[in-house]
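The values are calculated or read from the model by the stated rules, or taken from the named source; none is laboratory data. Here the structure is a predicted model, which is why all the values come from computation and not from measurement. We place every Cβ from the backbone using ideal geometry, glycine too, and count neighbours over all the protein chains shown.
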Amino acid sequence: MLKRLITSREALLVGAIGLLLILISTRFSGFAAPSNLANVFNDTSPLILLAIGQMIVILTKCIDLSVAANLALTGMVVSMVNVAMPGLPIIFIVAIAIGLGALLGMFNGILVWKLQIPPIVVTLGTMTIFRGIIFLLSDGKWVNSHEMSPAFKAFPRAEILGLPVLSWIAIFAVIVFGIVMTRTTLGRAFYAAGGNPHAATYAGINVGKTQFWAFTISGALAGLTGYLWVSRFAVAYVDIASGFELDVVAACVIGGVSIMGGIGTVAGALLGALFLGIIKNALPVVDISPFWQLAISGGAIIIAVILNAQANRKKGRIILKQAEQAS
Amino acid sequence: MLQHPGITTTDVDTTKAVAVLALDKVTKTFPGVKALSEVSLSLYPGKVTALIGENGAGKSTVVKILTGIYQPDGGQILVDDKPTPFPVPQAAATHGVTAIHQETVLFDELSVAENIFLGHAPRNKFGLIDLAAMTEKARALLSGIGADIDPATKLKDLGIASKHLVAIGRALSIDARVVIMDEPTAALSHKEIEELHELVESLKAQGKAILFISHKFDEIFRIADNFTVFRDGQLIGDGAIAEVTEAALVKMMVGRDVSQIFPQRTPNVADTVLSVAGYSHPTEFEDISFELRKGEILGFYGLVGAGRSEFMQALFGITRTSAGAAEIDGAPVQIKSPADAVDNGIVYVPEDRGKQGAILDLPIFQNVSLPSLGRISSKGFLKLAEEFALARSYAERLDLRAASLDTHVGNLSGGNQQKVVIAKWLATQPKVIILDEPTKGVDIGSKAAVHEFMAELAAEGLAVIMVSSEIPEVLGMSDRVIVMREGRIVAELADDDLKPETLVRHAAGI
Amino acid sequence: MNTTVRSIPDRLRSPFEQRLKSWESLLLLVAIAIFVANSFASPYFLNAWNLSDATFNFTEKAMIAFAMALLIISGEIDLSVAAIIALASTAMGAAVQMGVGTPGLVFIGLSVGLLCGAFNGILVTGMGLPSIVVTIGTMSLFRGISFIVLGDQAYGGYPASFSYFGQGYVWWVISFEFVLFAIIAVIYAVLLRKANFGRAVYAIGNNPTGAMFSGIRVQRVKFILFLLTGLMSGIAAVCLTARLGSTRPSIATGWELEIVTMVVLGGVSILGGSGTIVGVVIAAFVMGLVTFGLGLLNVPGIVMSIVIGGLLIGVIALPRLWTMWRSR
């Protein structure tokens, strides 16, 4: 039991992150200070939210490349709603963001479920469509800080117990989905549908429908992140979070989520996102050009996928008696 | 909810009892194939009904209809004598029908307890899965069937027999009234089979209706109460097992006397073509050595899982060996990939035709030419006319039945698919052909054709290795038989030693 | 038993008949419709020079798309192609600063492409890793190296003779790039349809295990496909760099998705096993014509992406919807 815990992917990642923090601290001792770590966490929160959604999608043998475009579209829509109705309470803004994001995710999901179009094709298509729609809606213009209402911008920054709301939302999502994935029928259905679709059908699980819900969750989280993103950076335009979908997939892969489906945890997605977030935040303080970030995360993805493959390699049959005893 | 095993057998008289689950004149058609035509089948509480039939007789279609995976085109499903459609798998589960499959189909990444309770796990007051209760229930369930398995283990860490027990645990957890066991003993060891039989007895005692699908007559006669025989999607006969003989069942199953199936041949054995010395693999087999001569059919017999296919795949270059050497015509050869094997004249007709043997979505002619592309092309470019000619010559030689050479292999019957795979290899003009369960899933007519063809190949001087788990086939076809057990050669038998009892004794290690 | 040997026909339908009912014919109709619509919509459309300019919208992408088509048919994918362009272009830019001449630049561009392809190929075929993740990784890695080298700078100063690859014309309005595109299209079409290699690619895409059991050297074939995709990215890098006359690390951003779209639109199954080069050629023209036509109507590029994305989903969804509707 202890051995299993130590060799688990999550433990390995915690170790790697610890090592990373020690390394960074030798160059810049202030990095590991709690206040700075809290900043890093806050900065990584959007990635954590999206990585959780992406992990669920990947669990079901799918992939969602449209999350960043969904985020940008939802962000633009709520910004424009805010500009048009500055008095609308934030709770409605949040509801619109989650609802619209979920709808966009459902659109992906329905194409995958009902028309059985490969997810990579669907989300490649919707990714460009969503971005295009932002342009049509905004006419290519930016929604700038001064146009947004103070309440709209203040929400993710408001501090509760010393942590910004943005961080609390990420923590809340980690806990909620941690429970959903381990303790609900739907959560276990994601694992079953991706791990063995054939057997899942026999167990009475509708694989297509499960995938549909995965896309819906991923969309809802992307929508929520869309609002948080535009209010935190106080700007909305067509290209926000451009290419961010790859960071999200990267966080999942680093977190041990298997692209073949059925393997992955919320903790893994969280740690994968934190790993990338720490690197991104550490580069400037240890005097490495931020231009290194892309190459480093690329390298991290490759190393992670090699490690994943080693861990999940199928063992051959054991027929010989002495081999059985030896194992 | 769960009865503890050990309660006395509920004595049910089948003549009066109402069938828990029945099929009434059910028909199922797939494009081009009538899988079932008006078959009926009844399952009674506390009784084991054996479903018997050759591969392709329609047994797996029946299982899929009973579990709600397929919908019948005609006829109906009866639950307690009332027509009840199973539009989705969930409906079958709701009516207490559960199946344990040929290859245990469960979830490697989930825990044993979750595998058992997926979809109907105990909840706590917040509506969440109650992990502690689930683990406890799973533990109780497993110990009830005599399985010593930790419910928290991930399924992937279990052996095949334990996975079976988990599947049975799952069947019991939904309070099943009907348990379908689709060849549950195929991959089990002798001891594990014994345990499974005891379990079937205890399920019976609990009043469950059991549909037991098996190819093994000894176990059918041991545990079944009733039988139903299918042939080519039709109901051939049913009744009480006590009133029937093995020979009669076999006759119903194959539609003729078994003794006539095998071709008469006079072996014309010549020089050694292949010699294998000390082939070993870290976990699968050890010290495999033998010689194979031209014109010979060498049978490899053993229980499923004895390491025969694993060794053959190593000989064919698919898996790497840790030690050992092979010689072709006296010259040492290095076989590191199937391509190397083919270059050296060794070809392999695998057991899993759909995955390994043929490319189902490609047409016949492209399948046949695939390993011989070099011979029908010049400078890397294909000559289509020669490709068709090659495919045609072997298709005709094997009496292939197909609409055209452009037909996709996936649209052919099992027997014709097998002919395509054999044609593909003959086109490479091999020296040694390895046939792994060559007649598995092949209808009876094609089966005889495959056997005749094997005899013909040997007569022409080809060296044939045949891996088979069917004793009649092994005895009927082989000149010599090597028996494997637990990854080792335990006997080499010829002439007068070739008797069913001898084979079984060596294979089982008694 | 029936022993009469019946003669089996080679084919029930002629190849021509099969082609008539194919995806490619449907796509060709779409292409013609767009062409006609464009010529009505804008008076500037039917102008030889304008049409020639339009080809630059797709020639470089299509070169990569041909290799990508083979790769996708074999069941793999390479999302790092645009990043390879960036890295190859950066390498050429650096070489220019050291005074390397045109032949040297081309050699460097193609070599970097091949090396990147080999790197992907080793990771996928040698280590057995899923190509989609590997190439998402190398996509960041390759472009990341460009960013490390260049930061927010740009390389320029390419020799005049080098610009021919991106700006030269072979005859009248026929550009060098278009000729190269046509030659490469023919080579790939022949490779896929007429060569042993292509047959192996289809077999692998349909059933990799079955292909291996048939004596096909699956990993070797896939490795060669990654090499080819890398090489084509190198060629595209030469053309694009020559056309732009400068190198920034953000060069060709997002092209990988447009290239995959082109391949899928061309009728190549994203699940592997089927597809033709003819389809990809027509898809390239469709995408080029749409971009160009909308451009003439002053529709911004981002809106074109809606059309492209819609086409990608629509062309797959509509036939399926139609079948579903008919079978009701």
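Just to verify a result, which residue in segment B:32-41, among those that are modelled with pLDDT under 85 and not β-branched (V, I, T), is farthest from the chain's Cα centre (by Cα)?
At the first step, the residues of segment B:32-41 found to be modelled with pLDDT under 85 are B:32-35.
Next, only the ones that are not β-branched (V, I, T) stay: B:32, B:34-35.
On the way: B:G32: 23, B:K34: 21, B:A35: 18 Å.
Going through the qualifying residues, I end up with B:G32.
Does segment C:285-292 include one or more residues that are touching a residue at least 60 places away in the same chain (Cβ under 8 Å) and not in a helix (DSSP H, G or I)?
No - not one qualifying residue is present in segment C:285-292.
A:I279 is checked against (1) touching a residue at least 24 places away in the same chain (Cβ under 8 Å); (2) at the interface with another protein chain (Cβ under 8 Å from one of its Cβ atoms); (3) not charged (D, E, K, R) and fails just one. What number does that condition carry?
Here A:I279 meets the rest and fails (2).
So is C:V100 surrounded by 22 or more Cβ atoms within 10 Å (Cβ to Cβ) and not acidic (D, E) or not?
Working: surrounded by 22 or more Cβ atoms within 10 Å (Cβ to Cβ): no; not acidic (D, E): yes.
For C:V100, the condition - surrounded by 22 or more Cβ atoms within 10 Å (Cβ to Cβ) and not acidic (D, E) - is not met.
From the list A:G272, A:G277, A:G223, exactly one residue is buried (at least 24 other Cβ atoms within 10 Å of the Cβ), touching a Ser or Thr at 6+ places or on another chain (Cβ under 6 Å) and at pLDDT 90 or above. Which is it? Let's see the steps before the verdict.
Working: A:G272 fails: touching a Ser or Thr at 6+ places or on another chain (Cβ under 6 Å); A:G277 fails: buried (at least 24 other Cβ atoms within 10 Å of the Cβ).
A:G223 is the lone residue from the list that is buried (at least 24 other Cβ atoms within 10 Å of the Cβ), touching a Ser or Thr at 6+ places or on another chain (Cβ under 6 Å) and at pLDDT 90 or above.
Go through (1) of a type outside the set (V, I, T); (2) modelled with pLDDT of 90 or more; (3) under 30 Å from B:S469 (Cα atoms) for B:Y44 and report which single condition fails.
Every condition holds for B:Y44 apart from (3).
Look at segment B:376-397 and say how many of its residues are within 35 Å of the chain's Cα centre (by Cα) and either at pLDDT below 90 or farther than 23 Å from C:G272 by Cβ (or both).
Going through segment B:376-397, the residues within 35 Å of the chain's Cα centre (by Cα) turn out to be B:387-397.
Imposing the further condition that a residue be either at pLDDT below 90 or farther than 23 Å from C:G272 by Cβ (or both) reduces the set to B:388-397.
Summing the residues that are within 35 Å of the chain's Cα centre (by Cα) and either at pLDDT below 90 or farther than 23 Å from C:G272 by Cβ (or both) in segment B:376-397 gives 10.
Say whether the condition of being buried (at least 18 other Cβ atoms within 10 Å of the Cβ), hydrophobic (A, V, I, L, M, F, W, C) and touching a Pro at 6+ places or on another chain (Cβ under 6 Å) is met by at least one residue in segment B:406-416.
no
Of everything in segment C:174-193 that's closer than 13 Å to C:A67 by Cα and under 13 Å from the mean Cα position of the chain (by Cα), which residue is surrounded by the fewest Cβ atoms within 10 Å (Cβ to Cβ)?
C:A189
With (1) more than 30 Å from B:T407 (Cβ to Cβ); (2) at pLDDT 55 or above; (3) of a type in the set (S, T, N, Q) as the list, and B:T29 as the residue in question, which single condition is left unmet?
Single failed check for B:T29: (1).
Go through segment A:113-123 and report how many residues are surrounded by fewer than 24 Cβ atoms within 10 Å (Cβ to Cβ) and touching a residue at least 24 places away in the same chain (Cβ under 8 Å).
Total satisfying the criteria: 4.
With a cut-off of at least 2 residues that are charged (D, E, K, R), name the helices (runs of 4 or more DSSP H) lying wholly within segment A:1-86.
On the way: elements: A:2-7, A:9-27, A:34-59, A:67-84.
Where helices (runs of 4 or more DSSP H) fall fully within segment A:1-86 and carry at least 2 residues being charged (D, E, K, R), they are A:2-7, A:9-27.
Out of the residues in segment B:340-375 meeting the condition of being within 20 Å of B:S309 (Cα to Cα) and surrounded by fewer than 18 Cβ atoms within 10 Å (Cβ to Cβ), tell me which one is modelled with the highest pLDDT.
Only one residue fits best here, namely B:D340.
For every residue, the table says whether it meets (1) within 14 Å of chain A (Cβ to nearest Cβ); (2) buried (at least 21 other Cβ atoms within 10 Å of the Cβ); (3) at pLDDT below 90; (4) at negative phi.
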position: B:T67; (1), (2), (3), (4): yes, yes, yes, yes
position: B:D73; (1), (2), (3), (4): no, no, no, yes
position: B:I77; (1), (2), (3), (4): no, yes, no, yes
position: B:P89; (1), (2), (3), (4): yes, yes, yes, yes
position: B:T104; (1), (2), (3), (4): yes, yes, yes, yes
position: B:E136; (1), (2), (3), (4): no, no, no, yes
position: B:S162; (1), (2), (3), (4): yes, no, yes, yes
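Considering each of C:M304, C:M324, C:M232 in turn, give the residue that is closer than 30 Å to C:P103 by Cβ and either of a type in the set (S, T, Y) or in a helix (DSSP H, G or I) (or both).
On the way: C:M304 fails: closer than 30 Å to C:P103 by Cβ; C:M324 fails: closer than 30 Å to C:P103 by Cβ.
Matching residue, one of C:M304, C:M324, C:M232: C:M232.
Looking only at segment B:367-391, count how many residues are assigned to a helix (DSSP H, G or I), at the interface with chain C (Cβ under 7 Å from one of its Cβ atoms) and either at positive phi or in contact (Cβ under 8 Å) with a residue 24 or more places away in the chain (or both). Can you show your working first?
We begin by selecting, within segment B:367-391, every residue assigned to a helix (DSSP H, G or I); these are B:367-372, B:384-391.
Filter once more, keeping what is at the interface with chain C (Cβ under 7 Å from one of its Cβ atoms): B:370-371, B:388.
Subset that is either at positive phi or in contact (Cβ under 8 Å) with a residue 24 or more places away in the chain (or both): B:370-371.
Residues in segment B:367-391 being assigned to a helix (DSSP H, G or I), at the interface with chain C (Cβ under 7 Å from one of its Cβ atoms) and either at positive phi or in contact (Cβ under 8 Å) with a residue 24 or more places away in the chain (or both): 2 in total.
So which helices (runs of 4 or more DSSP H) stay within segment C:1-114 end to end and still have 1 or more residues that are within 14 Å of another protein chain (Cβ to nearest Cβ), modelled with pLDDT of 95 or more and out of contact with any strand residue (DSSP E or B) (no Cβ under 8 Å at 6 or more places or on another chain)? Outline the logic, then answer.
On the way: elements: C:15-20, C:23-41, C:48-55, C:59-73, C:81-97.
Result: C:59-73, C:81-97.
Looking at B:R123, is it free of Cβ contacts under 8 Å to residues at least 12 places away in the same chain and touching an Asp or Glu at 6+ places or on another chain (Cβ under 9 Å)? Let's see the steps before the verdict.
Values: free of Cβ contacts under 8 Å to residues at least 12 places away in the same chain: yes; touching an Asp or Glu at 6+ places or on another chain (Cβ under 9 Å): yes.
The answer is yes for B:R123.
One residue is enough: does segment B:167-174 have a residue meeting the conditions more than 13 Å from chain A (Cβ to nearest Cβ) and of a type in the set (G, A, S)? Even if it seems obvious, please write down each step before you answer.
First pass over segment B:167-174, keeping only residues more than 13 Å from chain A (Cβ to nearest Cβ): B:168-169, B:172.
If we keep only those that are of a type in the set (G, A, S) as well, we get B:169.
Yes - at least one qualifying residue is present in segment B:167-174.
Being under 30 Å from C:N207 (Cβ atoms) and buried (at least 24 other Cβ atoms within 10 Å of the Cβ), is that true of even one residue in segment C:86-95?
Of the residues in segment C:86-95, the ones under 30 Å from C:N207 (Cβ atoms) are none.
Scanning segment C:86-95, I find no residue that is under 30 Å from C:N207 (Cβ atoms) and buried (at least 24 other Cβ atoms within 10 Å of the Cβ), so the answer is no.
Among the candidates A:I169, A:I134, which residue alone is at pLDDT 90 or above, over 20 Å from the mean Cα position of the chain (by Cα) and not in a strand (DSSP E or B)? Steps first, answer last, please.
Numbers: A:I169 fails: over 20 Å from the mean Cα position of the chain (by Cα).
Of A:I169, A:I134, the one residue that is at pLDDT 90 or above, over 20 Å from the mean Cα position of the chain (by Cα) and not in a strand (DSSP E or B) is A:I134.
Among (1) within 14 Å of chain B (Cβ to nearest Cβ); (2) touching a helix residue (DSSP H, G or I) at 6+ places or on another chain (Cβ under 8 Å), where does C:I259 come up short?
(1)
Are there any pairs with C-beta distances below 7 angstrom linking a residue in segment A:293-320 that is modelled with pLDDT under 70 to a residue that is of a type in the set (G, A, S) and part of a loop (DSSP other than H, G, I, E, B), with the two at least 6 apart or on different chains, and if so which?
A:N312/A:S258; A:I318/A:S327; A:I319/B:G305; A:I319/B:G307; A:I319/B:G487
Hand me the list of strands (runs of 3 or more DSSP E) wholly inside segment B:425-502 holding 2 or more residues that are away from chain A (no Cβ under 14 Å), surrounded by fewer than 20 Cβ atoms within 10 Å (Cβ to Cβ) and among the hydrophobic types (A, V, I, L, M, F, W, C). Break it down stepwise before answering.
Numbers: elements: B:432-436, B:463-467, B:480-485, B:488-494.
Counting at least 2 such residues, we get B:488-494.
Of the residues that sit in segment C:155-173 and are surrounded by 15 or more Cβ atoms within 10 Å (Cβ to Cβ) and among the hydrophobic types (A, V, I, L, M, F, W, C), which one is nearest to C:A237 (Cα to Cα)?
The residue in question is C:F165.
Restricting attention to segment B:142-158, and to residues there that are in contact with a strand residue (DSSP E or B) (Cβ under 9 Å, 6 or more places away or on another chain) and hydrophobic (A, V, I, L, M, F, W, C), which single residue is farthest from B:E195 (Cα to Cα)?
In this case the residue turns out to be B:A152.
Which numbered condition trips up C:L180, out of (1) of a type in the set (A, V, I, L, M, F, W, C); (2) under 30 Å from A:I288 (Cβ atoms); (3) at pLDDT 95 or above?
Only one criterion in (1) of a type in the set (A, V, I, L, M, F, W, C); (2) under 30 Å from A:I288 (Cβ atoms); (3) at pLDDT 95 or above is unmet by C:L180, namely (2).
Would you list the helices (runs of 4 or more DSSP H) that sit entirely within segment C:146-226 and hold 2 or more residues that are at the interface with another protein chain (Cβ under 8 Å from one of its Cβ atoms), under 24 Å from C:T125 (Cβ atoms) and not basic (K, R)? Steps first, answer last, please.
Working: elements: C:164-167, C:176-193, C:196-206, C:208-213.
It comes to C:196-206, C:208-213.
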